[in-house]
Amino acid sequence: MTVRMGQLMHVYPDQYEEYERRHNNLFPEMRKALKEAGAHNYSIFLDKKTGNLFAYLEVDNVEKYDAIAGSEACKEWWAYMEPIMDTNINQSPVTLNLHEVFHLD
């Protein structure tokens, strides 16, 4: 069953272009991990007034998607992204998972 996910994160104001550049050059290992976990239809949107990021993705298996966090590919990506966005102690992005309240096919 496909699950739609919405998430909020934050990038530092002077790092908008760098954030986009890094995602345009996503590590191949990270891309592979996401695909293997069944993540697809993944987009990230930036509010340039606030630095807030809205991520939308669909996953086929939430447990497999959540397991990416333990992979070396993900840990390397988080370390790479840490200098340009709000992160937790383990270098993961500070993320607010959103509750879906409406969907129209």
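Every number here is computed from the coordinates shown, using simple stated rules; none is lab data. From a predicted model like this one, the values you see are computed outputs, not experimental measurements. Cβ atoms come from the backbone with ideal geometry, glycine included; neighbour counts cover every protein chain shown.
In region 15-69, which residues are assigned to a strand (DSSP E or B), of a type in the set (A, V, I, L, M) and within 17 Å of residue 93 (Cα to Cα)? Let's see the steps before the verdict.
At the first step, the residues of region 15-69 found to be assigned to a strand (DSSP E or B) are 39-47, 52-59.
Narrowing the set further to residues that are of a type in the set (A, V, I, L, M) leaves 39, 44, 46, 53, 55, 57, 59.
Passing the criteria: 44, 46, 53, 55, 57.
Filtering region 1-40 to residues that are within 14 Å of the chain's Cα centre (by Cα) and of a type in the set (Phe, Trp, Tyr) leaves 19, 27.
Okay, residues lined up against (1) closer than 21 Å to residue 82 by Cβ; (2) in contact (Cβ under 8 Å) with a residue 24 or more places away in the chain; (3) surrounded by 14 or more Cβ atoms within 10 Å (Cβ to Cβ); (4) of a type in the set (Phe, Trp, Tyr):
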site	(1), (2), (3), (4)
12	yes, yes, no, yes
15	yes, yes, yes, no
19	yes, yes, yes, yes
24	yes, no, no, no
27	yes, yes, yes, yes
35	no, no, no, no
38	no, yes, yes, no
53	yes, yes, yes, no
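With respect to (1) aromatic (Phe, Trp, Tyr); (2) surrounded by 14 or more Cβ atoms within 10 Å (Cβ to Cβ); (3) more than 12 Å from the chain's Cα centre (by Cα), the lone exception for residue 102 is condition (2). The requirement of being among the β-branched types (Val, Ile, Thr) and either in contact with a Cys (Cβ under 8 Å, 6 or more places away or on another chain) or within 18 Å of residue 68 (Cα to Cα) (or both) is not satisfied by residue 50.
Being closer than 23 Å to residue 100 by Cβ and of a type in the set (Lys, Arg) holds for only one residue in 31, 4, 22, and it is 4.
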